[in-house]
Amino acid sequence: MMSRARGWVDLVDSKGDVDFDMLRAEKVSEEHIRIFRRDAERTYVPKDDPEVDKRTKARQDKHVENLKLIVSEVKDYHQGLGYVAAFLGLLLDSEEVVKVALYLHRSTKYSAGYFMGAPQAFVADAKVMYKILEKQRPDLHKHLLSKGVLPEMFASKWFVGLCLHVLPFECLFEFYENFLTHGAEYIFKFAIRYMSEFESVLMEAKTTSAIMTILRAEDEKADWKLPHELHEKQVEENIFGRIVTEALSVELDCDLESLRSSERQSVAAAVEAARKRDQELKDLYSDDEIVFSDEEDEDN
């Protein structure tokens, strides 16, 4: 597995060398380090056995150091980046982890903009994915919206977290190789193929939570987090493995880059409009504009 993963470094288009001396010299905020530490403790859970726990703490420390180097360039942090770095850290050495993560961050082919705390790039791409779904699976698209299921509510697990909380471990290697070979376009294809695979059960789902359980693969009572009625089918048919493979042949039937560019402009404009409204409200209700008094008028 580790030798297979090392091939991923060669699959990524380098957007310039990584200057590790410069990254180490950059200051990372104490708040970010505190978040990294908490994420590391959730990823590598402390153990009761002292010897085992010693190794666990070493993994936590390594994860925090990797994130410090990555965020030295990214200048922001999304928990999805922590998931990706942790997975890479199981298979690659620290410098390779940092290189791959930064290549993903730098390149519009991969994850550029996804690792920000408020990733507009992801929101835009999630909306594009829904537009493609509307065209290809209009009834499913209508049903999801009727239940209040917006793409931003679940698609970060696919686009930002790269399916680490959706796919079984044995399917992740092919997913990563497809993603690193074909870029973000593969995730759009994977998303359409995933929703197509489960269309019938999604259409039968009556509640938002039931739909989200399928889309986010979050049923804690199931062996691999699909609802119970789908679990046996997954074991028998290897649904996830089939989705990962068959996603390659999905036709998106659109000018993907044009759609992505247009939607990013729309999201950026909406965010800026919201920022201006928020500032106007702050200005309107600022303390300087309001005078409070608990004293009666002296003339009364």
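The values are calculated or read from the model by the stated rules, or taken from the named source; none is laboratory data. Small disclaimer: the values here were computed from a predicted structure and weren't measured. So basically every Cβ, Gly included, is an ideal-geometry build from the backbone, and we count neighbours across all protein chains shown.
Remarks
- Within segment 123-139, one or more residues are farther than 29 Å from M2 by Cα, out of contact with any helix residue (DSSP H, G or I) (no Cβ under 8 Å at 6 or more places or on another chain) and among the basic types (K, R).
- Listing of helices (runs of 4 or more DSSP H) fully contained in segment 109-185 that carry 1 or more residues being without any contact (Cβ under 8 Å) to a residue 60 or more places away in the chain, over 27 Å from G241 (Cβ atoms) and charged (D, E, K, R): 120-136, 138-146
- Among the numbered conditions (1) assigned to a helix (DSSP H, G or I); (2) surrounded by 13 or more Cβ atoms within 10 Å (Cβ to Cβ); (3) at pLDDT 90 or above, the only one that A273 does not meet is (2).
- Some residue of segment 18-40 being surrounded by fewer than 13 Cβ atoms within 10 Å (Cβ to Cβ) and closer than 27 Å to C171 by Cα: no
- Candidates E73, E65, E31, filtered to the one that is charged (D, E, K, R), touching a residue at least 40 places away in the same chain (Cβ under 8 Å), outside the structural domain of H165 (by TED's automatic domain parsing) and closer than 26 Å to K99 by Cβ: E73
- Complete set of residues in segment 242-270 that are in a helix (DSSP H, G or I) and touching a Lys or Arg at 6+ places or on another chain (Cβ under 6 Å): I243, E246, A247, E263
- Selection of segment 1-34 for residues being within 20 Å of L90 (Cα to Cα) and assigned to a helix (DSSP H, G or I) yields M2, S3, R4, A5, R6, G7, W8, V9, D10, L11.
- Residue in segment 90-97 that is in contact (Cβ under 8 Å) with a residue 24 or more places away in the chain, part of a helix (DSSP H, G or I) and under 29 Å from M212 (Cβ atoms) present: no
- V45 in a loop (DSSP other than H, G, I, E, B), farther than 16 Å from Y77 by Cα, over 22 Å from the mean Cα position of the chain (by Cα) and not charged (D, E, K, R): no
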